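Here is the structure we will look at.
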Amino acid sequence: MQEPDPTVLVIDDDPELRSSVGRLLRSVPLHARLFASVPDFLESEHPNGPTCLVLDVRLPGRSGLDFQCELAEADVQIPIIFITGHGDVSMSVQAMKRGAIEFLTKPFRDQDLIDAIYLGLARDRGWRENEKALGALRARFASLTRREREIMIQVVQGRLSKQIAYDIGIAEVTVKVHRSNLMRKMSVRSLPELGQVADKLKLVSERT
């Protein structure tokens with residue numbers, strides 16, 4: 001399936017700047033969606049493809065920095081590029097510590113904005129690919145039986161088949177059969193590879 005086209009979301013209350021950025025992005029070319037405020041943005045549908053957000057620091061109502069915090073608290077993953085006409089060092093440091101791609105002071109160079117946008121889109125594309133792969137691992141883990149999940153967790157803890165068999169009261173050969181089946185279902189060929197999958201699924205938190 002072909003990946004949806006990338007989208008650049010721009011939130012700035014200055015109509016001239018919005019128009020200017022829109023023209024710049026279309027010339028690259030990149031698809032842009034322009035908003036005058038955070039509420040306008042929240043009322044819109046989020047794009048399906050790679051995305052990044054160009055966000056003004058000072059906006060009517062909640063500030064861009066406040067909105068960055070809200071997105072983080074809601075676990076909304078979107079690369080942010082801040083633009084401002086009133087920035088200072090403390091604002092820049094605060095934004096970058098929270099994961100912003102760039103902090104540009106108006107008037108900024110067109111190329112600086114474009115470079116930051118392409119970096120943001122690349123990061124979002126990578127995050128989406130990682131989430132897709134993680135989703136596939138979760139689906140494989142969900143296909144395991146309750147017993148296979150139990151044995152998988154003990155296996156990645158480093159326990160031997162005979163120890164697992166003793167703990168749960170079944171024959172060692174049965175444990176080995178379950179282990180073979182779960183490794184096939186998880187599409188792994190070795191115990192180290194199984195351990196890596198368990199780490200990605202955060203099953204390590206279930207280790208004792």
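Points worth noting:
- Apolar share of the accessible surface for segment 145-195: 50 percent from carbon plus sulfur atoms, 1.4 Å probe.
- Taking the charge dipole of the chain about its Cα centre, with +1 at Lys and Arg Cβ atoms and -1 at Asp and Glu Cβ atoms, the residue from Leu71, Ile11, Val188 reaching farthest to the positive side is Val188.
- Distance from the Cα centroid of segment 19-56 to that of segment 100-116 is 15 Å (rounded to whole angstrom).
- For the chain, accessible area per residue (1.4 Å probe, heavy atoms of protein chains only), Å²: 57
- Carbon + sulfur, % of accessible area of segment 65-110 - ligands and nucleic acids excluded, 1.4 Å: 50
- Degrees, to the nearest 10: 110-142 long Cα axis against longest axis of the chain: 20
- Most tightly packed first, judged by the mean number of other beta-carbon atoms within 10 Å of their residues, the peptides 40-46, 135-141, 101-107, 52-58 read 52-58, 101-107, 135-141, 40-46.
- Taking Lys and Arg as +1 and Asp and Glu as -1, the other residues whose beta-carbon sits under 15 Å from that of Ile170 total +3.
- Charge-dipole axis of the chain as Lys and Arg at +1 and Asp and Glu at -1 on Cβ define it, positive-most pick from Leu30, Ala165, Ile117: Ala165
The values are calculated or read from the model by the stated rules, or taken from the named source; none is laboratory data. What you see is a predicted model, and the numbers here were worked out from it, not measured in a lab. Here Cβ is always computed from backbone atoms with ideal geometry, including for glycine, and neighbour counts include all displayed protein chains. Note: accessible area is taken over every heavy atom of the protein model, side chains too, but ligands, DNA and RNA are not part of it. Shrake-Rupley method; radii C 1.70, N 1.55, O 1.52, S 1.80 Å.
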